[in-house]
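Here is the structure we will look at.
The values are calculated or read from the model by the stated rules, or taken from the named source; none is laboratory data. What you see is a predicted model; the values in this text were computed from it and never measured. Here the Cβ positions follow ideal geometry from the backbone for every residue, glycine too, while neighbour counts run over all protein chains shown.
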Amino acid sequence: MASLTLALLLALFALLTSADPSVPTQNTQFCNFGHPTGHADFCFGLSVKNHSSPKPNHDFHKDFHVSLSIRRSGKLGWTAVGTGPTMAGSVMVVVYGDPGRGRPAVSVRSVDGHHLPGTIDHQGVDGEVKGEWEGVEQGGVVRVMRAEWVLLGGGKEGRHDDEMEEWEKPDGPATHAARVEVVCEKCDTFGSVQSWGSGGTGGSMPWIWAWNDHQDFEHDGDGFEVGAKLKMHRHREGSGGFGRFWVDMRRAALEGGRHEWDFEEKEGNRRVGTSDGPIGVGAWFDFVVRVWSLAKIHGVVMAVGFLGLFPLGLVMIRMNSGKGRPFKRHWRVQVLATTVAVVGAMIGGRLSKWHMPKTSHQWLGVGIVVGLVVQSVLGWRHHVDFVRIKRRTWISHGHIWLGRFLVAGGLVNVVLGMLLAGKGAGSVWLVVAVGVLEAAGLGYWLWRAERQRKQAAGAGEDGTEALALMPRSSDGGENYFALDESEEESSDEGEDGKMSDEESLRKRSVDSATSVKKSLAATKD
C-alpha cells in the first residue's frame, strides 16, 4: 500500500511539473523572462534529428539544433546553456559581447568537473575553427550557424556587425537580443549527451543554464574573444545565477521525413515541451540515482556522521543507564561514526577526481580525516594507560579535546559543503540552527554530567581520581575506558572478571539460603 501511494504521489508531482501538453508543436522551448527585474533573461529552443553515418553499418547518432535568444541592455556579463545536469562533461554554449558593435561572441566550452570550462573545437559563424582545450573527447562537430544582435523595443531591427553603421537607439535604455543558433552534429558522442541524450527512462534530458551580469570583458583585458576567461556565476542555488531545466526529447525530435530546422520563439510561453523538473516518474528516478549518487550522498553521509553519530558517541560515554556498558557503547558508536566519515571522505575524493584540495571545504575535510586517525590512536592509548594507572594523562585530555574540535569542525564543514554545492539560504540556516542547538545541548549535558561526577566522587581540582570521564554508578560503577580496582586483571572490556547485577543477586540469595541451613543444623545439634 505504501509503495502504491508513493508511486501515485510521484506521478502526480511529475504531472504538475511537466510541460503543458496542450501546446500543438513539435519543438521545445524554455524561457526565463527576467530582464524587467534584473535577472537572467533568455529563451532556449531545441530540435533533434537522427544522423545516419555513411559507414556500412549505418550508425545512427543525434544532431542537436540549439536556438538562443538572449535579451540584455549592455555589454556586461555572459549567459550560458549546456547539456546534462552538471558542468562535468557538458557541452556549453556561452554568449557575451557588446550590442553596440560586432557580433555576439559565441564560445562552445566543456570541463571535466566544477571549475573554469575551456573552449572545445567548434566552427565559428565566420567559418574558422576555434578551440584549445583537450579535456574532452570529441566525436561530433559543433558549428555556430548564426550570431547576431537584434534591437528590441522599437527602432531599427536587424543584424549588426562590424560593417554596419550604428543603430538608431530607441528612447530609454536600449534592450537588445543576441540571436544564436548552434548545431551539434553527432552530439550524443559527447559525455553528458551519451548519458542523457535519449532522455533516459523518462524521455526527458536535463540541461543547465548559468548567468553572470557584472563581468566587464574589456576591462579584464581579454575583450570579447571566444576564449576569454569567464568570471563565476552567482553560486548559491536559488540566487538566480544558475539552474536546471528538462527537455522532453520526444517532443524535440523532428518527425521521420523532415530534415529542416523550424524553431520559432513562442513569445510569452515560458515552457514548451520543457519543465523545471524531470518529466515523468522514470526521469525522476534517473535523476535521483545518477545525480544523487555522489554529491548528495556525500553530503548526507557526512551530515549523518557529524550531526548524528559523533555527538551520540559523546553522550554514550556519560550514560550509566541502559543496556550495555558505557565504554562498549561509546567505542562501538565511535567506530561506526569514523567509518561513516571515512566513506564520506572517499566519496568526496571521488567527486574531486582525487585532485589536490582547492577550497576551504576540501582542506578542512582532509584535516578532519587525519584528525580522526589521530583521535582513534589517542583513544586506544588512553584506555591502555587508564587500565594500568587509573587516572588521566595528557593523552586523555588530548583525546577529549581533539574529539570536541573534530565534531565542531565537522559541523562547520557540513555548512561549507552546502555553500559549495549552492544550497539555498533556508537549507543552510536550518543546518546551522540544528548544529547550534546540538552544541548547546551537548555542552549542557557534559557540564551536568561532570558536575554529578565530582559530587559523587568528591574529587579535588587535580582531576586524578579513578573515575576520570564519567559519573560513578550507584554501586561503585565502572571507570571510563577502565575497570574497577578489584578487576585489574580482567579483560579490557571489564566484563570477563565481573558478574552482572543479576548474577550477583542470585549468588547472594544462594549464600543466604546456605547460611540459614547451616544455622538450623547447628540449632538441632
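At-a-glance table
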item	result
Hits in the range 91-119 (condition: in contact with a Pro (Cβ under 8 Å, 6 or more places away or on another chain) and not in a strand (DSSP E or B))	Gly97
Answer from Gly422, Gly365 - the residue that is assigned to a helix (DSSP H, G or I) and either assigned by TED's automatic domain parsing to the domain that holds Gly113 or not hydrophobic (A, V, I, L, M, F, W, C) (or both)	Gly365
Residue check, Ala425 more than 18 Å from His298 (Cβ to Cβ), loosely packed, with under 14 Cβ neighbours inside 10 Å and without any contact (Cβ under 8 Å) to a residue 24 or more places away in the chain	no
Residue within the range 376-395 that is touching a Ser or Thr at 6+ places or on another chain (Cβ under 6 Å) and in a helix (DSSP H, G or I) present	yes
All positions within the range 37-94 that are at positive phi and either at pLDDT below 90 or among the polar types (S, T, N, Q) (or both)	Gly38, His58, Gly84, Gly89
The range 66-83, residues that are in contact with a helix residue (DSSP H, G or I) (Cβ under 8 Å, 6 or more places away or on another chain) and hydroxyl-bearing (Ser, Thr, Tyr)	Ser73, Thr83
Filter result for Ser198 (in a loop (DSSP other than H, G, I, E, B) and either under 22 Å from the mean Cα position of the chain (by Cα) or at pLDDT below 85 (or both))	yes
Residue check for Val304: at pLDDT 85 or above and either outside any helix (DSSP H, G or I) or surrounded by fewer than 18 Cβ atoms within 10 Å (Cβ to Cβ) (or both)	yes
Neighbours by Cβ (under 7 Å, 6+ apart or cross-chain): first from the range 70-82, not assigned by TED's automatic domain parsing to the domain that holds Gly221; second of a type in the set (Val, Ile, Thr) and in a strand (DSSP E or B)	none
Selection status of Ala105, modelled with pLDDT under 85, at negative phi and touching a Phe, Trp or Tyr at 6+ places or on another chain (Cβ under 7 Å)	no
